[in-house]
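Just below is one structure, and these are the notes that go with it.
All of the numbers you see were taken from the coordinates with simple rules; none came from a lab. Everything quoted here is computed from the prediction, not taken from an experiment. With ideal geometry, Cβ positions are generated from the backbone for all residues, glycine too; neighbour counts draw on all protein chains shown.
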Amino acid sequence: MVSKNPKIVAFCCEESGMPAYEHAVSLGLDLPDGLKVVALPCGGKAETGYLMKALDEGADAVMVFACYEGNCKYVRGNIRAEKRVNYLRERLEKIGLSPEKIVFCPVAPASGQRFAELVQREVDTLLGA
Amino acid sequence: MIIAEQKPIEEILEMLAPHKKILLAGCGACVTVCQAGGEKEVGVLASQIRVARQEAGNPIEIIETTLTRQCEPEFMDEAKDLMNDVEAVLSIACGIGVQLMAQTFYDKPAYPGLNTSFLGFPEEHGVFTERCAACGNCVLHLTGGICPIARCSKSLLNGPCGGSQDGKCEISKDVDCAWQLIYDRLKALGKLENLAEIIPPKKWITSRDGGPRKIVREDLRI
Amino acid sequence: MAGIACAGELTQAGITVTLLEKEPVIGGWAADYCCKATDQCNRCFVCVADKEREGVRLSDAVTLLTNHQVREVEKNGSGYRLRVENKVEGVEKEVRADAVVLATGFKPFDATQKGELGYGRYADVLTGLDLERMLRNQGSARKPSDGQVPNKIAFIQCVGSRDESIGHLYCSKACCAYALRMARVIRSQNPGSEIFFYYMDIQPAGRLFDETLKACEEDPNFHFIRAIPSKIYRYYQKPGLMMRSLEAESGTIEEKFFDLIVLSIGMEPNPENEGLWEKAGLKPGREGFVDPATCKDGIFVAGTVSGPKDIERSIMNAKQAALSVLRYLEGQS
Amino acid sequence: MSGQQAVLRIPAGTSELKEVSIQPSVIVAGDHPAGLLMAEHLADLGVAVTLMVPFPTLEEVVAPYRVIASADESVAGLLQEVAERVSQHAGITRVTQADLVDISGWWGDFSVQARIGEDLKTFHTSGIAMAYRGNPVDLPGIPVQEGVLPFTDFLSGINLQTGALAGKAESPKQVVFLLDAGERDEKWASVAAIRVGVFLKRKFGTQVFILCRELKVSVDEMEQDYRAARESGIIVFKYRQTPRVEKGSGGLRVVFEDAAAISSHGPSEITLDALDVVVAQERLGLSEDRAEVLRKLRIPLEDGVAGPNNPQFTGRTPKKGVVVAGDAWFPEYPTDAAMTALSAAQELYKWVGKGTYQVDAYRVAEVDPSKCATCLTCFRICPHDSIRVERYGERNVYITQGAKEGATWEAARVKIETCDGCGLCASECPAKAIQLIYYPDMEVLDFLAKNL
């Protein structure tokens, strides 16, 4: 059962996801208290182990905020992250869980609005499910 | 090295259904290198099993470990103490490791977490290709260092079949015709005359057909 | 923007920099631009500009003087003396430097000069710059008149560029790229939308542009029309704006309705450059922008001050300027 | 409520600064004039420059661009005498008839192998610039036949005094420049065609037709030059489909549909006949051996030019200390190519110009040799080509190659000078042998355990 205030872990690339989160905070946008933010030097550092561990520890969902394809400071770290997310979504589905528990979200550094929107969309998905 | 792939997760869950506490054992050798059963995969798989069982309302306790190698009896000691506490072991080593586990810890079930696939090498990160079929009777010296047993879809010994087209095998345009490769290599080496020699019917007795194989090196054994 | 990039480069080479900015915030026009990623990066370089700006803002080696306007530039021995005015406090001060980089940028073309296009008269006629700001600040395109999501959108290229009637016989170089990229953003946000792109010639924008152009060409809801629209007006019985153009494809005069019309305005020389910089020996080139060939004795130009550029080329030009500054300083010592 | 979230930040600050001394030296290699400009600028800044060109003289680097320089003052300004100046520059060591064949090593310590005539020679340098001209790859959509000339062959083959093309005695009467038939959108040929066209028309009275998909004027002062070209009698057509080039009466014939003509009678087909020569814009790419050198450094090639096509890599490559310019970066008109090259030179100068650099040995990845399975995963995926498998003694005590004593195992090793601390290697390492020193896994896992 997902509580009214779901626990969401956001793994944020220092180049995009983290500035976007901070931008969202600076704009005073509504972000759920259950959001836990983990900064990573690159989206590609969001290893499969981290993502699974977060769910294992009791997170309702995991979001990976990384750079758009073709804009990674480390060439293809973001694509690695996306592929891991896709792999895990497939696995979750096979074990009878909603794949929406792990999502990959490309963001630009100055897009706090999009950050907040994506988190809200995830909360809605979780509560709707 | 040995290349393996993780089993479908639903198959693994089914195997573990009767158990409440297991050991999940990785292997630090080939399957680490082919990213199927090393320390990292142990952690990820353990989390996946726990999450699935939690969701099903039937939690499971998993002890995680990675042995130096699961293909040597001596390293089984590393799991000895841990095995005391669990009902079963899920080994994500190759088939050798699973069997050595089963043999060593005779009274507890050992389950395979991987499908052992073939002998090969990584072409690039994440791409593995078969090179050797472990047939036990090597012909590479005759075939320009390219194995027709493992790489020709029909394991032909004397040239390609009629399905070789533009250097590709008829089973798929992504598969090179091994005999094309052999021809090219022998040509490059100036040894095309090798092809004129008929390779006699192969002794398959050294391959799978003769039952489980075993090698005894009397010289090393003393 | 180019000034910031140049300052960033110089500080990394160990030079201390004073950054004079007449506005309250640094970053130039690029600070208003939006990220133009769809499901992938479309290589608009806005995030690079954002990062450069943040880097300079936090740098210890850069003295930031915002709200400061340069009043006079004077050669002083081997270096320069600049008289600058703090526009907020109204006080003047002097800044000395071994070399001066002019990066005062461009002035966006005033679209009201093209009265037939109705900018300023109709709320749903925007400039490219307006749309940039809208996308950056609100996240999506809306009709200013009623806040609704537009479905049928026209982009008109070369507004204020390649136009002899207003004396702008040059291409602004950035507009095709920014317009196509923003159009893609709109298409990806609103799959029901339809884009009509009125243009003379598509101008390529470097090696990263091709993919964007191809994606637009392959999009069935994206229509390229080689025409210069002649008039935009209101048609009483119907909502939206009517636009008239003579289209090359059909050879006939077409009239179409649109929810939103975006004028891809170009760049003009910044009028502030006139007079002030002539004393330092800088002269305008054939297009009215500062001619970089007239830079001498420790004066350099970076970015759009010497001609229209997109962000990528502004940054490259800034790096080139930084190299020239370092080379000049090396020769002086 | 906003701003109440639990946040785990990457630890700020440094703990282990290491001074690295870098000799200010670079090798500039290649056959593009951008290389000469880079060499000159860097040498003026006190960098010891070794310039390698594949020709016997530097003039040959510039020669094919002379025709553009005759037609465009700003190109003339760039290239005039640059070959002479660089030939005499005291800060530049010139190596002629030389081509790079291999590069190994890292920023500050590259080992470069060059073929000089018949010999192979090894050089050591701190930084490398590769300024290559593009090789014609193909003429897209245009059948090869007599009278059809790739653009670069036309540029290098034309006689500036007589206007005659290589192998011909007189200047051609009618020339068609056929542009844009390829997929990649490049403007260099468009700009060159118009400016060179005016030059041919004025000097030799050649009738010039320019056929293109789009007229490209996004180069400084191009619109005015285009206007001048039309006024001087050059005829520009925009076509829809790639024109047909075939044998005509007394020369070649080109047939196409005019895309810009406004007519209510439908599209009009135009035929140009009795053409002496059709100059076709070819697709330019890197030659295979040059591409191979880039691949060895893990510099990706995208669409035939040095990648990545990524805004984070403006004028630089993922390999620290290596920059790429000229057509190898992207085929550009000479003035644009100069800007790109000089911005790349600035990138390079930042890496070799200062002499000493501070490297943070804390914000990097570290391999635990006792756990390393030497699987080469990290070596394969490091975006900066910053990891090698080396021989170790005890934990992180490096034994130089060849020294047998005490060497107990092989393990991967991170070159901290070029490690950017992105953690990709750590995230993929199947043996969990790599950790970011400044941000180990435990921090993330503890945070998850405490906050969930």
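Working note: Karplus 6.51/-1.76/1.60 with θ = phi - 60° gives region A:90-99 the couplings 4, 4, 4, 4, 5, 9, x, 10, 6, x Hz, where Gly and Pro are set to x.
Stretching C:Q138 away from C:E164 to a fully extended chain increases their span by 5.8 nm, per 0.36 nm per residue minus the current alpha-carbon distance.
For region C:29-116, the Cα-based Rg and Dmax, in that order, read 18.0, 55 Å.
Of the cross-linked pairs B:K154/B:K187; A:K45/B:K20; D:K296/D:K320; B:K173/C:K214, which ones have a Cα-Cα span greater than 25 Å in the structure shown? Where the Cα-Cα span goes over 25 Å, the pairs concerned are A:K45/B:K20; B:K173/C:K214. Taking the average, over residues, of other Cβ atoms within 10 Å as the packing measure, peptides A:76-86, D:231-241 rank A:76-86, D:231-241 from highest down.
Calculated FRET efficiency, D:I235 and C:D39, Cβ-Cβ r, R0 51 Å, to nearest 0.05? After rounding to 0.05, the efficiency reads 0.75.
The mean number of Cβ atoms from other chains found within 10 Å of a Cβ in peptide A:51-62 is 6, as a whole number. Taking 4.7 Å between C-beta atoms as the pairing limit, chain D has these partnerless cysteines: D:C212, D:C372, D:C375, D:C382, D:C419, D:C429.
In this calculation the C-beta distance from B:N115 to C:R244 is compared with R0 = 56 Å, giving a FRET efficiency of 0.25.
Sorting D:48-58, A:13-23 by their mean Cβ neighbour count within 10 Å, with the most densely packed peptide first, gives A:13-23, D:48-58.
Averaged over the residues of A:104-116, the number of partner chain Cβ atoms lying within 10 Å of the residue Cβ comes to 4.
Do any cysteines of chain A lack a neighbour Cys whose Cβ is under 4.7 Å away, and which are they? Lone cysteines by the Cβ rule: A:C12, A:C13, A:C67, A:C72, A:C105.
For region C:247-333, the Kirkwood estimate of hydrodynamic radius, built from reciprocal distances between every pair of different alpha carbons, is 16.0 Å.
Put simply, the amide H of C:H223, placed in the peptide plane, has neighbours under 5 Å in C:I195, C:F196, C:F197, leaving out anything fewer than 5 places away on its chain. Helical runs (DSSP H, four residues minimum) scored at -39500 (n - 2.57) apiece and divided by the length of chain B put the mean residue ellipticity at 222 nm at -8500 deg cm²/dmol. Amide H contacts under 5 Å for C:F300: C:V100, C:V101, C:L102, restricted to partners 5 or more places along the chain or on a different chain, H placed in the peptide plane at 1.01 Å from N. Counts of other chain beta carbons within 10 angstrom of each beta carbon in peptide D:418-426 average 6. Using C-alpha pairs below 8 Å separated by at least 6 residues, the relative contact order for chain C is 22 percent. Within the same chain, aspartates and glutamates fewer than 8 places from D:K173 are excluded, and of the rest, those with a Cα less than 13 Å from its Cα are D:D273, D:D276.
The phi torsions of region D:193-210, fed into the Karplus equation with coefficients 6.51, -1.76 and 1.60 and a -60° offset, translate into couplings of 4, 5, 5, 5, x, 4, 4, 5, 5, 6, 7, 10, x, 5, 7, 10, 10, 10 Hz, rounded to whole numbers, with Gly and Pro shown as x. Normalised by the number of residues in region B:114-222, the mean separation of alpha-carbon contacts (under 8 Å, six or more apart) gives a relative contact order of 21 percent.
The Cα-based radius of gyration and maximum Cα-Cα distance (Dmax) for chain C are 21.4, 74 Å. Listed by chain and number, the lysines placed with their C-alpha closer than 21 angstrom to that of C:K279 are C:K22, C:K75, C:K93, C:K296; residues fewer than eight positions away on the same chain are left out. Near D:A325, the amide H atoms lying under 5 Å from its own belong to D:M130, D:A131, D:Y132; only residues 5 or more places off or on other chains count, and H is placed 1.01 Å from N. A DSSP coil position with no more than 11 other Cβ atoms inside 10 Å describes the following GluC sites (Glu not before Pro) in region C:27-96: C:E89.
Only helices enter the 222 nm calculation for chain A: every DSSP H run of n ≥ 4 contributes -39,500 (n - 2.57), and dividing by all residues gives -13500 deg cm²/dmol, rounded to 500. Once you divide the Cα radius of gyration of the protein assembly as shown by 2.2 N^0.38 Å, the number left is 1.03. Shown is the FRET efficiency for D:S104 and B:R131, computed with R0 = 30 Å from the Cβ-Cβ distance and rounded to the nearest 0.05: 0.60.
Pairs exceeding a 21 Å alpha-carbon distance, out of D:K319/D:K415; D:K319/D:K350; C:K51/C:K143: C:K51/C:K143. From most to least packed by mean Cβ count within 10 Å, the peptides D:18-26, B:85-93, C:7-15 give B:85-93, C:7-15, D:18-26. I need to check one value: relative contact order of chain D, counting alpha carbon pairs closer than 8 Å and at least 6 residues apart, in percent. Relative CO of chain D lands at 18 percent.
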